[in-house]
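This report refers to the structure that appears directly beneath it.
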Amino acid sequence: MKENNEIIRDLKALTTRIPILDQTLPHQVDSTWLTTFGQQIASTKIDWHEIAARVERPLSSRLGLYVEQLWLALIDVHPDYRLISHNTQVSAHGQTIGAFDFLLEHQSSQTIEHWELACKFYLAVVLPDIEQAIWLGPNLNDDWLSKRQKLLNRQIALGDQPASKALLTQLGINEIARKRILAQGLVFQQAPATLSEGVQNGCWYRYSDWQTIAASHDWQHQHKLNWLSPTSCDSNSIIDSPPRQPMFLAAQTARSANQDDGYIKCFVVPDDWPEKAQKKAAEMLASGCLM
């Protein structure tokens, strides 16, 4: 169960620390927009504990669902936005074709906005034959290119579908004036070939490599709901055997420009993970997904 102080850190992280994944993505908000959004909430002088109390406690480890709840609480206290609907499904011929993450009224301009959210953590893999880094999910069951295409072609375009018109009319919406994509997260780069400088923030390591340099910090295994804001109080903190799945680890350190939350973060993967990731990336290349 997430404690209030942990939820407060996560709420603040969304508008201050969690980076934009891809600034080239159409309709993507930028860091200035996120910062301004947070400042406008702060200007209301509302207590962050009150905002945290509005967050529905997660019943599963699905980070995306938790992030939706955090944004619902932020929208609820924002002085300019009014939520019209959340996760509203659109159906055609008896089948669901999509769902609007958020439909909102921007009250000062009296316009309607459609938002789609994504919060993803990827490991960058570079194929020898191409210079492009491919961002893969830790468990190799998703990737950024596929998610990017889904966000653009299906999710943020949902309001343009004929099947959406009747639903929008029922909600009293004549026109969606603005579309926004809030795709945030972190991309962990492959660790440098030389390990002489110790564990580098924002990198991923084979377990056998990480083990030789890990003693410099007190590492904590972070459960998925702690990925936004790592904690030093995680219950699963002992890493004494090779992992079966990639693990997100964090260790407290002195604050710096690159570690503004006071933690150094990395992924540690099984020793056979890089080969599996290369195979996955090669299959994507062969299928034309990277063209």
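A short reminder: the numbers here are calculations on the coordinates, not readings from a lab. What you see is a predicted model, and the numbers here were worked out from it, not measured in a lab. All Cβ positions, even for glycine, are placed from backbone atoms using ideal geometry, and neighbour counts span all protein chains on display.
For the range 71-192, list log₁₀ I(q)/I(0) at each q in 0.11, 0.14, 0.22 Å⁻¹, using the Debye formula over Cα point scatterers of equal strength and ignoring solvent, two decimals each.
The Debye formula, applied to the Cα set alone, gives -0.49, -0.71, -1.22.
To test your reading of the geometry: what angle, between 0 and 90 degrees and rounded to tens, separates the Cα axis of helix 273-286 from the longest principal axis of the chain?
Here the helix axis deviates by roughly 50 degrees.
Residues with amide H under 5 Å of ALA191's amide H, sequence separation 5 or more or different chain, H placed in the peptide plane at 1.01 Å from N; which?
Amide H neighbours of ALA191, under 5 Å, 5+ apart: TRP204.
So how much slack lies between ARG62 and ASP76, counting 0.36 nm per residue of separation and subtracting their Cα-Cα distance, in nm?
2.9 nm
Please return the longest range in the chain lying between exposed loop sites, taking GluC sites (Glu not before Pro), DSSP loop only, at most 12 other beta-carbon atoms within 10 Å, and leaving the sites out.
Answer from the scan: 198-291.
Size of the dipole of the chain about the Cα centre, Lys and Arg at +1 and Asp and Glu at -1 on the beta carbon, nothing else charged, in debye to 20?
On the way: 26 positive and 32 negative charges, 90 e Å.
The dipole magnitude comes to about 440 debye.
State the answer as a single residue: which of LEU158, GLN211, MET1 lies farthest towards the positive end of the charge dipole of the chain, with beta carbon charges of +1 for Lys and Arg and -1 for Asp and Glu, about the Cα centre.
Going by the charge dipole, the pick is LEU158.
Just the projected area, averaged over all directions, of the convex hull on the alpha carbon atoms of the range 1-84: how many nm²?
6.0 nm²
Looking at GLN252, LEU195, VAL125, which one has the Cα that reaches farthest to the positive end of the dipole of the chain (charges on Cβ: Lys, Arg +1; Asp, Glu -1)?
VAL125
Restrict the search to the range 38-134; then list the trypsin sites (Lys or Arg not before Pro) that DSSP places in a loop and that have at most 11 other Cβ atoms within 10 Å of their Cβ.
Listed in order of number, the matching sites are LYS45.
Given the C-alpha centroids of the range 191-219 and the range 105-157, what is the distance between them in whole angstrom?
The two parts, judged by their Cα centres, are 28 Å apart.
Return the sequence-ordered ³J(HN,Hα) values of the range 89-104 in whole Hz as given by the Karplus equation 6.51 cos²θ - 1.76 cosθ + 1.60 applied to θ = phi - 60°, using x for Gly and Pro.
Per-residue couplings from phi come out as 7, 10, 10, 8, 6, x, 10, 7, 9, x, 8, 6, 4, 9, 10, 9 Hz.
R0 = 35 Å: FRET efficiency of ASN5 with GLN245, Cβ-based, nearest 0.05?
Values: r = 28 Å, r/R0 = 0.81.
E between ASN5 and GLN245, to the nearest 0.05, is 0.80.
If you build the Cα gyration tensor of the range 147-207 and take the root of 5 times each eigenvalue, what three semi-axes come out, in whole angstrom, biggest first?
So the equivalent ellipsoid measures 45, 11, 8 Å along its semi-axes.
Which log10 I(q)/I(0) values does the chain give at q = 0.17 Å⁻¹ under the Debye formula, counting every alpha carbon as one identical point scatterer?
The Debye formula, applied to the Cα set alone, gives -1.46.
Two decimals is fine: what is log10 I(q)/I(0) at q = 0.09, 0.12 Å⁻¹ for the range 1-146, from a Debye sum with one equal scatterer on every Cα and no solvent?
Listed by q, the Debye log ratios stand at -0.35, -0.61.
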